[in-house]
Amino acid sequence: MQNREIKDLLLLASPHFEDTIKVRGGAYYRENKVSIIQDSPTQLHAMVMGSKHYEIELAWQDSNFIKASCTCPYFMDIGGCKHLWATILKAARTEAKFACIDHPIKRLVFEFNEEVPFGDDDDDWEEDWEDDFVEPEQKEPPWPPVNVEEVILQRAIDRVMAGNGFYRTILKTERPPVALQTRIYAAIEQIQNESTWQYVLQNVGNQKSTDTPNPTIFKRPRRIWYVLKEGPLSRHDPTSLTVFLYREEMRKNETWSNFSPCTVKIEDLDGYDPSDRPILEMMIPFAMDSSGYNYRSSMFPENVRLSIAKIPKSYFEIFFAKVSGEGKLRLLDNNGLIPATLNSAFPIFVEISFLERPDSAYQMMIIFKRDQCNGPVIKHIARICDDIYIFDGVLTRVKDRKILNALRLAKDHQHGMNILPQEFFSFYMQASALFGINTISLPDKIKIKDEAMPLNAKLVLISKGPNPEYMQGHLELKYGEITYSAPLGISPEISTQEIIGVFPDGENVQAMKRMHRDRPRENMIANAFLAISELQWISSESSFRIPKMSLFPLAQGLSSLDVPIYIEDKRVHAAKTFGMSISSGIDWFDLSAKMTFGDQTFNMPELLQAIADRKGMIEIGKLSLGILPNDYLKRFEKLAALNPELVDGHVRFKASQGILLDYLLAEMGGMKLDRKFTKWRAELANLNGISPMNPPKSFKGKLRDYQKVGLAWLDFLQRMSLGGCLADDMGLGKTIQVLALLALKKENSSGKRPPSLIVAPKTVVCNWSAEASKFTPTLKVLVYQEGERKKTWDELRKYDLILTSYHIVRRDIVFLKDIVFDDIILDEAQSIKNSTAQITKAVRLLKCNHRLALSGTPVENHIGELFSIFDFLNPGLFSHSFSKNYSHAEDSDLSQILNALRPLILRRKKSEVLKDLPEKEEHTLYVDLPPGQKKTYEELKTYYHTLLSSKIEQDGMGKNQMNILEALLRLRQSACHPALLKDHKVGVSQESGKLDVLFEKLEILLEEGHKALVFSQFTSLLQIVAQGLDQRKIRYEYLDGQSTKRQESVDNFQSSEGPTVFLISLKAGGLGLNLTAADYCFILDPWWNPAAEAQAIDRAHRIGQTRKVTAYRLISKNTVEEKILDLQSKKRDLANAIMCSDHSFLRKMTREDFQYLFS
């Protein structure tokens, strides 16, 4: 139950708020947007959440009135806001301590905090302003005696009589006490029972004007002027302009009467010129009564009488543009009303001159002009408000602080100011600082000497910032003791100033030196900056950002102008002289170089060491840094990353690094090369014009033209002692090109050579054996596997070629590492793409004379995989630091590295060299899950989503990586066939939408005479497919990791009478198979690794294929498969890794990814 004091708080506050504001405030209260932070009998502090948080304070003053404030812009400009009303409601309804006091409340006063800025683009202010255009309160008037209950009752009755049901809003927002509510409802009931006309006639004498009064019709035309006055400085309000209304009426003789102050009633607005109405309406919120009080305090805002208004400066442009546009703006001075117009860009210039008085003193005179040189003098100046003036009838806002200083001085000293000769120089220096040196014209007696003042400039940079690719800094221009921070060599403060300063010339007090700017040098400095297109000027900080890559050309340009650069406190020097030479040894190359920075010279070891330590900068002592040309820097950084040996003033690179050394230094001028390196370089250059080579007579087969080029390239690498990677597309015959090389080497060998070793995946070894028997029958071949591993080296050296698997190499590396083979050839060399894997480490221990790698996909994920392969091919080519630094290189670095390796990689695409190869088509088939399978999938998804959501919430993503991986695997299995879910806690259906589509397609294709390959990662799924083929009496071959008769299965399928379907697991059959008898491929569970998928399809699409190859990728709709396919375009790494068992993707998976995949 509310007590009297709470009731008084609501009733007293209510008249200060418009109805719409109270409705919005009530909504804020009901939506619990008000939080009371502090509540005591004397003070209440609350926080209201609008478009942002606003603070409200209510405090008792002198025990008889309450002071209220809010930090929102609307309150600061208008008054009672919805946040304040919501807080008052909260205090009253919750019987806050502040509202439960004994002494009566007399007044509510709004307190405006001047520190809160107006117009901060606040949504709450804009929303309320549309409906509540009212005046900010400047001063609290004496509170008028009023019966609040009678006012509320009358307002409710008035609304009912007007046919407006808005009286309910009054009852909801103001919540009058029960007795008053009873009176209101009784009055409303009486009105509804009586005839409306009776009530209207009965009260017509007591009613005020209606909402739509009849306009007053004036007998004579009249016009209104909006008048500004100039007053004493002490009376100016720095935040607003006072506007007065003056009126003239037409006399009977059709002349205008004298102007006089006037008052305009709100109800009379329609009686004035139509152009006046919008202006007058704009003035209403800021209207003042004759005592200077704001009408916002009135209980009845409709009583506003317009005669004076204080327009806030924030409305200066809007309001006076309207008044000026209608030609109704006037200035009142001794001469009457003077027409005025608004010009926000009015040009004003100051000119200070001196007259010599009879007593030898100088009289200072200030004049203001419309032009800098010979423009008209401004004769009449009226100060309206702080920095707002009227100059010869032009209203403008003066923004230049020096002009304002001159205006104030001229106002205080209208007749000038006297300066004694001995004081003139001191006065001149102070006046120059206040008004600008170019505004002052010296007296004739002052002897002036003009000199160009020396300009000292320097560029100051900061190396650390938010963007590591940029440096931020500023240009300092220094004339004597005057220093400017300037953009592009032009300071805003001196942009039009030619004279920098005036100084005494000797002991003569009337002799001075006038120092001018060095304009030509400033322009040259500015041009050096303008040449850097990536320069970013930061006007708010008088500084700029420059890309680090642009620092060298800028340093060169500024160095010629003698403008030093400093990074923090260290002087920066651009490289000047430069010279390099390369000399050759038995198995190494020495690189020597000298480079000069300032007056210091560095040799190559010092350069590379400094680059490695400073990352782009060369430390020169403790106080200097050196910078290299950008291209040099990038190349030298790569040379340093190769970790060469430092030897007596030069750096030594391994012979295997020669190809990188040659490329990185090829475009650098001033190189001196010895004869051996020059010859080696010329031979390497001949690689571009290599001619096809025919195979030896012992080779039983025919090479295509591109294969003959491949043979010549392989032979070239042998002669140059370089290891290379044959990276032809799958199906272009890499195997027979290598066999042709081995046959050629045997035929050209005069004596017994050590055997060559070919290392391949286990499933491909037998294919190598078959191809060798077919094309190179003269080679003695041994398949080194489980049964042959007991052979000694003496037994092995009897063979020309030894075939083995990566698995055997890793198992027998202790034995194999001591053997020196003639060639070591790695098939499917991407098997050693991981430099830290055990198989990679084992392979690198093997010894040989020549090395070769075969791979259609040497790079599957990043360039670091290629580094790993080439570290085997050319030991020492890449250092550990180089591989680490450039494994995830940017495009520019990657391009440079790949160009350097280009001679060692030969890659041809089928589309380029096999014009007769039939086309290949790939299609994605979206399969609907049958009801039973869909039910199983949804149950499984719900199970994992519930289980993992709670675990992730508790432990985070990092600790649940393996759980997520398992869940994804199970969902993929369920999308293929529910029977793959062994021992799982959901009901298992035996339906599979994918197998239904597969068998339907196979039956049609087989009837038409086609053969098909069916791939899956899940061998258990292939076994289910095999059962279905058995039921349909369809013959098939089967190959997985456990198959022992691999070649026999391939031969059977390839024969014309052989089986029509080949079921193949990804790991067992993705490599080394020639299955051109098939022209259709089905991928049951896509792994989304483009290279792996292409390898599978290319088992059929390769040399020997005569028909178009069609591949189908089966995707279950509305499952994780479809979502991963969608993620492929957004997060390719994530999608690829999920399907190729690379768990690194889990480190990149976000909670959003998890929710998307499992939703």
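The values are calculated or read from the model by the stated rules, or taken from the named source; none is laboratory data. Fair warning: this is a prediction, and the values are worked out from it, not measured in the lab. Backbone-built Cβ (ideal geometry, glycine too); neighbour counts: all protein chains shown.
Annotations
- Residue list for the range 1049-1075, filter: closer than 12 Å to ILE1097 by Cβ and modelled with pLDDT of 85 or more: ILE1064, LEU1075
- The range 1105-1138, subset at pLDDT 75 or above and in a loop (DSSP other than H, G, I, E, B), residue farthest from the chain's Cα centre (by Cα): THR1106
- For the range 926-938, the set of residues classified as surrounded by fewer than 18 Cβ atoms within 10 Å (Cβ to Cβ) and closer than 17 Å to VAL1120 by Cβ consists of TYR926, ASP928, LYS935, GLU938, listed by residue number.
- Taking (1) at pLDDT 80 or above; (2) crowded, with 19+ Cβ neighbours inside 10 Å; (3) more than 30 Å from ALA1078 (Cα to Cα) in turn, HIS945 satisfies each apart from (2).
- Residues located in the range 36-82, provided they are among the polar types (S, T, N, Q) and more than 36 Å from the chain's Cα centre (by Cα): GLN38, SER40, THR42, GLN43, GLN61, SER63, ASN64, SER69
- All of (1) more than 47 Å from the chain's Cα centre (by Cα); (2) at pLDDT 80 or above; (3) in a strand (DSSP E or B); (4) not β-branched (Val, Ile, Thr) hold for GLY473 with one exception: (1).
- For the range 637-672, residues that are of a type in the set (S, T, N, Q) and either out of contact with any Leu (no Cβ under 9 Å at 6 or more places or on another chain) or without any contact (Cβ under 8 Å) to a residue 12 or more places away in the chain (or both) total 1.
- Those strands (runs of 3 or more DSSP E) lying entirely in the range 545-636 with at least 3 residues free of Cβ contacts under 8 Å to residues at least 60 places away in the same chain and either farther than 21 Å from ILE462 by Cα or not assigned by TED's automatic domain parsing to the domain that holds THR678 (or both): 570-584, 588-597, 600-603
- Pick from the range 292-319, criterion part of a strand (DSSP E or B) and of a type in the set (A, V, I, L, M, F, W, C), ranking: modelled with the lowest pLDDT: LEU306
- Residue check, ASP289 modelled with pLDDT under 85 and either crowded, with 19+ Cβ neighbours inside 10 Å or out of contact with any Leu (no Cβ under 8 Å at 6 or more places or on another chain) (or both): yes
- Annotation for the range 1030-1048: no member residue is surrounded by 13 or more Cβ atoms within 10 Å (Cβ to Cβ), assigned to a helix (DSSP H, G or I) and either modelled with pLDDT of 85 or more or acidic (Asp, Glu) (or both).
- Inter-residue pairs, beta-carbon under 9 Å, first over 15 Å from LEU409 (Cβ atoms) and in the range 381-392, second among the aromatic types (Phe, Trp, Tyr), 6+ apart: ALA382/TYR389; ALA382/PHE391; CYS385/PHE316; ILE388/PHE316; PHE391/PHE346; PHE391/PHE368
- When ARG397 is tested against (1) on the phi > 0 side of the Ramachandran plot; (2) modelled with pLDDT of 90 or more; (3) among the charged types (D, E, K, R), only condition (1) is not met.
- Strands (runs of 3 or more DSSP E) contained in the range 403-466 and holding at least 1 residues farther than 14 Å from MET364 by Cα: 447-452, 455-462
Condition check ((1) among the hydrophobic types (A, V, I, L, M, F, W, C); (2) on the phi > 0 side of the Ramachandran plot; (3) out of contact with any Lys or Arg (no Cβ under 9 Å at 6 or more places or on another chain)) across all residues:
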{"residue": "ARG704", "(1), (2), (3)": "no, no, yes"}
{"residue": "ASP729", "(1), (2), (3)": "no, no, no"}
{"residue": "LEU742", "(1), (2), (3)": "yes, no, yes"}
{"residue": "ASN748", "(1), (2), (3)": "no, no, yes"}
{"residue": "ARG753", "(1), (2), (3)": "no, no, no"}
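- Subset of the range 1049-1061 (residues that are in contact with a strand residue (DSSP E or B) (Cβ under 8 Å, 6 or more places away or on another chain) and part of a loop (DSSP other than H, G, I, E, B)): GLY1058, PRO1059, THR1060
- The criterion of at least 1 residues that are within 15 Å of ALA92 (Cα to Cα) and among the charged types (D, E, K, R) is met by the following strands (runs of 3 or more DSSP E) wholly inside the range 12-73: 34-39, 53-61.
- Beta carbons closer than 7 Å, at least 6 apart along the sequence or on distinct chains, never pair a first residue in the range 521-544 that is outside the structural domain of LEU475 (by TED's automatic domain parsing) and in a strand (DSSP E or B) with a second that is of a type outside the set (Val, Ile, Thr) and at pLDDT below 75.
- Segments classed as strands (runs of 3 or more DSSP E), wholly inside the range 320-371, with at least 3 members that are of a type in the set (A, V, I, L, M) and closer than 24 Å to LYS229 by Cβ: 329-333
- Considering the conditions (1) surrounded by 14 or more Cβ atoms within 10 Å (Cβ to Cβ); (2) farther than 19 Å from ILE659 by Cβ; (3) modelled with pLDDT of 80 or more, LEU914 is excluded by exactly one of them, (3).
- Scoring LEU329 on the criteria (1) surrounded by fewer than 19 Cβ atoms within 10 Å (Cβ to Cβ); (2) under 20 Å from VAL243 (Cα atoms) leaves a single failure, condition (1).
- Note on the range 338-350: among residues that are surrounded by fewer than 17 Cβ atoms within 10 Å (Cβ to Cβ) and modelled with pLDDT under 90, the one that is farthest from SER275 (Cα to Cα) is PRO347.
- Residues in the range 804-832 that are assigned to a helix (DSSP H, G or I) and polar (S, T, N, Q): GLN830, SER831.
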